[in-house]
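Chemist: I have a structure I would like to understand better, so I am pasting it below and will then ask my questions one at a time.
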Amino acid sequence: MSDLDRAAPAVARARFRSGGSSGVTSGMCLGFVQANLVVLPAEAAAEFRALCAANPQPLPLIEATAPGDPEPRCAAPGSDLRTDLPRYRVYLDGVLAAEPTDVREVWPDDGVAFLLGCSFTAEARLLAAGVRLRHQESGRNVPMFVTRLTCVPAGRFHGPVVVSMRPIHRDSVATARRVTAALPLAHGAPLHIGDPEAIGIADLAHPDFGDPIEPEPDEVPVFWACGVTPQAVIMASRPALAITHAPGHMFITDLGDDS
């Protein structure tokens with residue numbers, strides 16, 4: 001478990017801003033909403049907002065900022081999305097160009113930032129319900145996979161759905177489904193349970209993002225829609241510039257998980 005597990009979100013954000021931590025945020029600030037980040041020039045914002053509306057499970061929209069404003073005034077007043085995440089990704093023409101810890105130099109003057117819900121938000125409730133989360137126990141990121149499922153396209157934006165996988169004890173699967181179904185801003189109930197090949201995943205030992213965590217004999221692979229989906233969309237749609245969080249390195253908001 002992180003030493004920031006019970007920290008206030010502002011404390012975690014200050015540590016990221018100062019360069020004191022650049023690791024994954026699973027297990028941090030339990031009880032608060034964590035968010036995926038996508039930043040696009042203003043001319044692309046309306047189409048991306050439409051993509052979110054058409055795909056609410058992988059892209060649950062929490063907030064969109066005004067053009068040029070890096071402060072999410074509803075989710076975390078006073079914060080700065082250019083500095084307050086542990087690690088970012090910068091895409092140029094859909095190709096990953098850098099993974100910095102500060103994006104002030106590349107933030108577009110008219111950039112619109114989208115905060116999208118994350119399944120990390122559900123983890124405090126899963127733990128409280130007695131669901132074991134082995135990625136937290138081992139200090140690893142969740143494994144994430146590109147699937148054969150596709151987003152409903154909107155304008156220039158199209159691409160596959162990405163899922164996160166957590167191996168869940170067979171006796172806890174129903175509990176995990178019930179707990180997460182109540183949290184639509186954390187992607188809601190699992191998108192798929194069981195056979196990974198049914199959604200186009202060939203090998204759980206080789207995730208597309210994150211760290212491998214294979215199910216034990218008494219566990220079932222459970223897949224949730226994932227906020228890395230926009231990065232797969234960016235790679236497929238190739239906008240000139242996009243800034244995102246690095247997978248697993250989320251923005252921690254001031255919103256409680258009951259928001």
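Where a number appears in this text, it was derived from the coordinates with a stated rule and is not lab data. Bear in mind that the values here come from a model prediction, so they are computed numbers and not experimental data. Glycine also receives a Cβ, built like all others from the backbone with ideal geometry; neighbour counts cover every protein chain displayed.
Chemist: If I take R0 = 25 Å and measure r between the Cβ atoms of Ile193 and Thr150 in this structure, what FRET efficiency does the formula 1/(1 + (r/R0)^6) give, to the nearest 0.05?
Modeler: Values: r = 20 Å, r/R0 = 0.80.
Computed FRET efficiency for Ile193 and Thr150 comes out at 0.80.
Chemist: Enter the Cα centre distance for the pair the range 58-83 and the range 98-122, rounded to the nearest angstrom.
Modeler: First find each Cα centre; the distance between them is then 9 Å.
Chemist: With θ set to phi - 60°, apply the Karplus curve 6.51 cos²θ - 1.76 cosθ + 1.60 along the range 198-205 and write out the HN-Hα couplings as whole Hz, x wherever there is a Gly or Pro.
Modeler: With the stated coefficients, the range 198-205 comes to 5, 10, x, 9, 7, 8, 5, 6 Hz.
Chemist: How big, in percent, is the set of alpha carbon pairs in the chain lying more than 32 Å apart?
Modeler: That fraction is 15 percent.
Chemist: Using modelled amide H (1.01 Å from N, peptide plane; none on Pro or chain starts), what sits under 5 Å from the amide H of Arg89, excluding residues fewer than 5 places away?
Modeler: Excluding prolines and chain starts, which carry no amide H, the hits are Thr244, His245, Ala246.
Chemist: Order these by the 10 Å Cβ neighbour count, fewest first: His158, His135, His187, His206.
Modeler: On the way: His158 14, His135 23, His187 27, His206 10.
By the 10 Å Cβ count, ascending: His206, His158, His135, His187.
Chemist: Further question on the same structure: Kindly rank 59-65, 244-250, 148-154 from highest to lowest mean number of other beta carbons found within 10 Å of each residue.
Modeler: Most protected by this proxy first, the peptides run 244-250, 59-65, 148-154.
Chemist: Now a separate question. In deg cm²/dmol, rounded to 500, what helix-only [θ] at 222 nm does the chain give when every DSSP H run of at least 4 residues adds -39500 (n - 2.57) and the total is split over its residues?
Modeler: Numbers: 6 runs with 51 residues, N = 259.
Result for the chain: -5500 deg cm²/dmol, rounded to the nearest 500.
Chemist: Remind me, relative contact order of the chain in percent, using alpha carbon pairs under 8 angstrom and six or more residues apart?
Modeler: Working: 624 pairs, mean separation 78.7, N = 259.
It comes to 30 percent, rounded to a whole number.
Chemist: How many times 2.2 N^0.38 Å is the alpha carbon radius of gyration of the range 92-142?
Modeler: Numbers: Rg = 16.8 Å, N = 51, 2.2 N^0.38 = 9.8 Å.
After normalising by residue count via 2.2 N^0.38 Å, the value is 1.71.
Chemist: Same structure again: How much length would be gained if the chain were fully extended between Glu99 and Asp171, taking 0.36 nm per residue of separation minus their Cα-Cα distance, in nm to one decimal? Show your work: numbers first, answer last.
Modeler: Details: separation 72, 0.36 × 72 = 25.92 nm, distance 3.90 nm.
Extra length available between Glu99 and Asp171 comes to 22.0 nm.
Chemist: Please list, in chain and number order, the residues 5+ apart from Gly227 or on another chain whose amide H is under 5 Å from its amide H, with Hs placed from the backbone.
Modeler: Amide H neighbours of Gly227, under 5 Å, 5+ apart: Ser119.
Chemist: Roughly how many nanometres apart are two label points built 7 Å out from the Cα toward the Cβ at Ala181 and Ala129?
Modeler: Those two pseudo-labels are separated by 0.9 nm.
Chemist: Further question on the same structure: For a quick check of your reading of the filter: which trypsin sites (Lys or Arg not before Pro) in the range 1-101 sit in a DSSP loop and have no more than 14 other Cβ atoms within 10 Å? Intermediate results must be reported in sequence, preceding the final value.
Modeler: Numbers: sites: Arg6, Arg13, Arg15, Arg17, Arg49, Arg73, Arg82, Arg87, Arg89; in loops: Arg6, Arg73, Arg82, Arg87.
Those satisfying the criteria are Arg6, Arg73.
Chemist: Tell me the relative contact order for the range 120-230 as a rounded percent, counting alpha carbon contacts under 8 Å between residues six or more apart.
Modeler: On the way: 206 pairs, mean separation 38.4, N = 111.
Here the relative contact order equals 35 percent.
Chemist: In addition: I need the semi-axes of the equivalent ellipsoid of the range 1-138: take the C-alpha gyration tensor, multiply each eigenvalue by 5, square-root it, list largest first in whole angstrom.
Modeler: Working: eigenvalues 134, 66, 40 Å².
The equivalent ellipsoid of the range 1-138 has semi-axes of 26, 18, 14 Å.
Chemist: Taking amide hydrogens as modeled 1.01 Å from N in the peptide plane, which residues meet the under 5 Å criterion relative to Ala76, leaving out close sequence neighbours?
Modeler: Amide H neighbours of Ala76: Asp254.
Chemist: So what J values fall out for the range 151-165 if you push phi through Karplus, 6.51 cos²θ - 1.76 cosθ + 1.60 with θ = phi - 60°, rounded to Hz, Gly and Pro as x?
Modeler: Values per residue, Gly and Pro as x: 6, 5, x, 8, x, 6, 8, 7, x, x, 7, 9, 10, 9, 10 Hz.
Chemist: In the range 151-259, which chymotrypsin sites (Phe, Trp or Tyr not before Pro) are in a loop and have at most 11 other Cβ atoms within 10 Å, using DSSP for the loop call?
Modeler: none
Chemist: Bin width 5 Å, origin at 0, all Cα-Cα pairs of the range 120-230: what percent of pairs per bin?
Modeler: Spelled out bin by bin, the range 120-230 gives 2, 12, 23, 25, 21, 10, 4, 2, 0 percent.
Chemist: What are the principal axis extents of the Cα atoms in the range 61-158, in Å, biggest first?
Modeler: The Cα atoms of the range 61-158 stretch 46, 37, 25 Å along their principal axes.
Chemist: To continue, here is another question. What percentages, rounded to whole numbers, describe P(r) for the range 22-85 computed over all alpha carbon pairs with 10 Å bin width beginning at zero?
Modeler: Whole-percent P(r) values from 0 Å outward: 17, 48, 32, 3.
Chemist: Please sort through the DSSP H helices of the chain and keep those with an alpha-carbon extent of at least 15 Å along the long axis and a Kyte-Doolittle average not below -0.5.
Modeler: Numbers: long enough: 42-54 (19 Å, 0.78).
Both cut-offs are met by 42-54.
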